[in-house]
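The values are calculated or read from the model by the stated rules, or taken from the named source; none is laboratory data. Because the structure is predicted, anything quoted here is derived from the model rather than measured. Note: ideal-geometry Cβ built from the backbone for every residue, glycine included; neighbour counts use all protein chains shown.
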């Protein structure tokens with residue numbers, strides 16, 4: 001090799017350097033894109049969860065306020081028949097307070113809001129804050145939830161009231177109850193037992209005063225600003241990315257408590273929601289490294305193979321006369337076309353790699369024959385129910401004498417029968433129920449927030465529908481069903497499914513084509 005050629009990089013080194021850089025850049029791009037897609041997916045999933053959770057909490061509090069108003073309405077009608085009967089009013093106040101433990105104090109007031117009496121007996125003349133709440137309720141002349149105040153017992157509370165009217169509809173006074181918002185009160189009972197992982201919920205009134213917060217020290221504080229709470233107070237239900245009062249990025253869901261014009265906000269630090277992303281990216285990197293190393297070795301071999309004839313041509317060109325230099329340059333132009341083809345092949349290979357990486361993040365959770373959720377998806381749903389301690393019922397279903405179908409008409413007809421039964425189970429299910437194929441001719445139906453009685457009725461509907469829906473050429477088919485229900489929050493899903501299976505076996509042993517929901 002002469003000194004001139006020694007100053008330049010060889011064709012094999014040039015190809016290897018360029019293609020290696022292309023591999024690195026492409027793999028890095030794949031990682032960046034994958035990171036962005038996974039991050040957006042996790043954030044979207046967390047926001048949807050917070051939106052649903054905030055709506056659920058708001059609905060629960062709304063139902064509680066509505067039920068209190070209904071009980072107060074009943075009492076107000078009784079008192080309104082003889083409002084001058086002080087003993088009747090006090091007796092009804094006592095009945096309400098004794099029967100409804102969430103009402104700390106029940107009072108009766110006149111049309112001006114002056115407290116006439118109540119239960120437990122207190123010196124109502126000295127309960128300034130309660131008196132103010134009663135006068136505000138009296139001036140409103142309608143069912144009302146007051147602003148928060150300190151009750152006579154020293155608790156952070158609200159006053160829920162209902163007007164007392166005579167037969168002509170004239171307001172005679174009101175009856176109302178004090179509801180404790182502090183730890184141990186109804187708000188902490190409704191919210192405290194249903195917190196999302198790494199998240200918390202708080203409730204504010206229309207003035208952004210905190211009515212409930214996991215940190216009891218913040219009760220009664222007024223937020224300077226809250227985009228999520230303001231959106232809920234405008235009547236919206238939704239989710240957004242925001243920051244808390246400390247400037248920490250949060251993922252929040254919000255909903256309005258319409259019965260009191262309050263706002264429920266559930267939020268979670270954004271970093272907590274994205275914590276699984278680190279493990280996902282590390283696993284992806286370890287899976288990509290072998291592929292990248294393999295690609296580099298392949299490029300080394302290809303560059304050697306492509307460069308060998310070009311290097312030989314270059315060596316020959318050094319000894320050619322000057323007259324032949326233009327022809328050799330044209331052949332070198334053809335070399336660029338070969339380099340472009342190799343680069344195109346590499347890019348095609350990396351595009352295929354991108355598709356394979358993408359498919360790694362889509363776990364198959366559907367049964368290909370019936371379209372129902374498979375066992376993997378069922379286990380994932382049960383894990384969520386266990387984690388959230390959500391009540392549910394489970395149906396274990398098994399087609400009677402299914403082996404006879406396969407033996408008589410063959411597996412093709414058996415597959416059609418499975419699809420037929422799966423379609424009926426899906427059709428008889430409600431929105432929110434999860435129909436699964438557990439394996440073979442066995443199915444499972446998960447019914448969230450469903451009692452044993454309702455689950456049994458659904459099971460009986462499935463059984464009768466299948467029995468009344470013959471399939472050509474099989475004819476009438478039947479199914480046996482075992483029903484089980486979670487009876488306490490700590491009961492694991494394995495125990496629920498085992499109980500449903502045992503009752504299914506009992507249905508089989510006692511004649512098939514029946515539903516067994518009890519021992």
Practice item. Sort through 492, 473 and tell me the only one that's in contact with a helix residue (DSSP H, G or I) (Cβ under 8 Å, 6 or more places away or on another chain) and under 19 Å from residue 393 (Cα atoms). Key: 492
Review point. If we scan segment 249-256, do we find a residue that is free of Cβ contacts under 8 Å to residues at least 60 places away in the same chain, part of a loop (DSSP other than H, G, I, E, B) and over 27 Å from residue 66 (Cα atoms)?
Key: no
**Study point:** Within segment 438-465, tally of residues that are within 17 Å of residue 403 (Cβ to Cβ) and either surrounded by 14 or more Cβ atoms within 10 Å (Cβ to Cβ) or touching a residue at least 40 places away in the same chain (Cβ under 8 Å) (or both)
**Key:** 5
Check your understanding: Out of curiosity, is residue 495 under 25 Å from residue 416 (Cα atoms), loosely packed, with under 14 Cβ neighbours inside 10 Å and without any contact (Cβ under 8 Å) to a residue 24 or more places away in the chain?
Key -> no
Point to revise | In segment 121-145, the residues that are touching a helix residue (DSSP H, G or I) at 6+ places or on another chain (Cβ under 8 Å) and modelled with pLDDT of 90 or more | key: 143, 144, 145
Practice item. Using the structure shown, decide if residue 246 is farther than 27 Å from residue 391 by Cβ, over 20 Å from the mean Cα position of the chain (by Cα) and at pLDDT below 85. Key: yes
Review point. Any residue at all in segment 404-421 that is touching a residue at least 24 places away in the same chain (Cβ under 8 Å) and closer than 22 Å to residue 380 by Cα?
Key: no
Exercise for review: Could you list all residues from segment 62-103 that are crowded, with 16+ Cβ neighbours inside 10 Å, within 46 Å of the chain's Cα centre (by Cα) and not in a helix (DSSP H, G or I)?
Suggested key: 100, 102, 103
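For (1) surrounded by 16 or more Cβ atoms within 10 Å (Cβ to Cβ); (2) touching a helix residue (DSSP H, G or I) at 6+ places or on another chain (Cβ under 8 Å); (3) modelled with pLDDT of 85 or more; (4) not in a loop (DSSP other than H, G, I, E, B), each residue gets a yes or a no:
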{"site": "179", "(1), (2), (3), (4)": "yes, yes, yes, yes"}
{"site": "182", "(1), (2), (3), (4)": "yes, yes, no, no"}
{"site": "189", "(1), (2), (3), (4)": "no, no, no, yes"}
{"site": "231", "(1), (2), (3), (4)": "yes, no, yes, yes"}
{"site": "240", "(1), (2), (3), (4)": "yes, yes, yes, yes"}
Check your understanding: List pairs: first in segment 25-47 and within 17 Å of residue 269 (Cβ to Cβ), second modelled with pLDDT of 85 or more, Cβ under 6 Å, 6+ apart or cross-chain?
Key -> 46/251; 47/239; 47/251
Practice item. Scan segment 104-136 for residues that are within 18 Å of residue 164 (Cα to Cα) and part of a loop (DSSP other than H, G, I, E, B) and report the count. Key: 4
Revision key, fill the gap. Out of (1) at pLDDT below 95; (2) not in a helix (DSSP H, G or I), the one residue 508 does not meet is (2)
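Working only within segment 250-279, note down all residues that are farther than 20 Å from residue 239 by Cβ and surrounded by fewer than 16 Cβ atoms within 10 Å (Cβ to Cβ).
Taking segment 250-279 first, the residues farther than 20 Å from residue 239 by Cβ are 259-261, 278-279.
Once the filter is applied, which keeps residues that are farther than 20 Å from residue 239 by Cβ and surrounded by fewer than 16 Cβ atoms within 10 Å (Cβ to Cβ), segment 250-279 yields 261, 278, 279.
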